[in-house]
Amino acid sequence: MFKSLRTLFRPELVLTRSSSSYVTRMRYLMKLKEDDGACLEALRSGHLLLYHRLAPLLQKAPASATTAPGLFQLPAINTSDLEGILDKLGKSRELVNEAVLIACTEQQEAQFSLDVGALDKSEVERLCGGAFIDLRKAFFLLRGPEAPLVARGQALLRWHQTHGFCSASGHPTFRNQSGSQRICHSSGQTYYPKMAPVVITLISDGTKCLLGRQATFPRGMYSALAGFCDMGETVEETLRREVAEEVGLELASWWVSGSQHWPFPQSSFMVACQATVTPGNTQVSVDHEELEDARWFSLQEVEEALRLKKPPRNPEGETPTLWVPPSYAIAHQLLQEWVQQQRSAGH
């Protein structure tokens, strides 16, 4: 019924267009954030990502020579599509106006997210030809730029759902049309969506890397170490403290590798770092209040885990196969970077 949002993403165009294309797009988005009338007009011709109680709507991707089996995609639902669905369900079209702006394409087609949790889930799935899937699972099913887009949409919806009242006056707050802010008319306070800073670190001893797991992780899953920044801390201070607390190691060097928005637990800003320990300083002392386990993994073990296209079956009683976060997660990117460094060093 609906085409895929994948057809709206043209990453090959990014390499050929001048930087002025980006500037034009950012200024267009700024206008939509600040001008309620312009945002409403853009919504009429925009595309919607649907969620049901924060679970995004996905469709199975058609099989092709370039698409791996079992992958999903985001259906590109426009406003008229959704209005037709609302008509069939006997619901008011006013629900469309609750959509929040999240991005726009290279062609300046505005993209919005909307939670339809008040509607019958199975009926919406039937009419759209898709399924609402938990966001954590969706990350393993999506590829390319769709995963960060769906994460951004969910994070903004969650923020609006949890910030309906002013912390200063206790009175209701009201959003602008784009959803870029909420205002309390009683206190005059304006609220903007925020992310909590987190440092995530991949530690190496030169030939192996250190990964940890929490008790809540699926069996066999390990990841880079991560922790929230305390008030007043720098990234460097958080990095050293978290590593000392969780695994009892002193770092020799570290550098920032990248950053990423992560929607869990409630919108984190991940600052990704690579770090090293001095030779011989590899004895791990796990704080079991923080981690269930932490251990060193070889280059071969990490390479095998990165090759897995989907989580392996790890039944109770069997030795679990190592697997790592999905390709969209910055922990996965840290591991890919470390593998490349090891190969360059001839390990």
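Quick check on the stretch 320-333. Is at least one of its residues among the hydroxyl-bearing types (Ser, Thr, Tyr), within 17 Å of residue 213 (Cα to Cα) and not in a helix (DSSP H, G or I)? For the stretch 320-333, residues among the hydroxyl-bearing types (Ser, Thr, Tyr), within 17 Å of residue 213 (Cα to Cα) and not in a helix (DSSP H, G or I): present.
At least 2 residues being over 23 Å from the mean Cα position of the chain (by Cα) and among the aliphatic types (A, V, I, L, M) is the threshold, and among the helices (runs of 4 or more DSSP H) wholly inside the stretch 62-150 those reaching it are 79-89, 121-128.
Condition first: hydroxyl-bearing (Ser, Thr, Tyr) and more than 25 Å from residue 146 (Cα to Cα). Now tell me which residues in the stretch 298-331 satisfy that. It would help to see each step written out before you state the result.
At the first step, the residues of the stretch 298-331 found to be hydroxyl-bearing (Ser, Thr, Tyr) are 298, 319, 321, 327-328.
Answer for the stretch 298-331, where residues must be hydroxyl-bearing (Ser, Thr, Tyr) and more than 25 Å from residue 146 (Cα to Cα): 298, 319, 321.
Here the stretch 230-272 is the region considered, the condition is being in a loop (DSSP other than H, G, I, E, B) and under 19 Å from the mean Cα position of the chain (by Cα), and the residue that is surrounded by the most Cβ atoms within 10 Å (Cβ to Cβ) is 263.
The conditions of being under 23 Å from residue 264 (Cα atoms), at pLDDT 90 or above and not aliphatic (A, V, I, L, M) are met by residue 152. Put simply, of 108, 73 the only residue that is at pLDDT below 95 and either of a type in the set (D, E, K, R) or touching a strand residue (DSSP E or B) at 6+ places or on another chain (Cβ under 6 Å) (or both) is 73. Within the stretch 306-314, one or more residues are more than 21 Å from residue 243 (Cβ to Cβ), surrounded by 14 or more Cβ atoms within 10 Å (Cβ to Cβ) and modelled with pLDDT of 95 or more. Filtering the stretch 199-245 to residues that are of a type in the set (S, T, N, Q), within 12 Å of residue 297 (Cβ to Cβ) and touching a strand residue (DSSP E or B) at 6+ places or on another chain (Cβ under 7 Å) leaves 204, 223.
Can you say whether residue 208 is within 30 Å of residue 101 (Cα to Cα) and basic (Lys, Arg), as far as the supplied structure shows?
Values: within 30 Å of residue 101 (Cα to Cα): no; basic (Lys, Arg): yes.
No.
The values are calculated or read from the model by the stated rules, or taken from the named source; none is laboratory data. All of these numbers come straight from a predicted model, not from anything done at the bench. Reconstructed Cβ throughout: ideal geometry from the backbone, glycine too, with neighbour counts over all protein chains shown.
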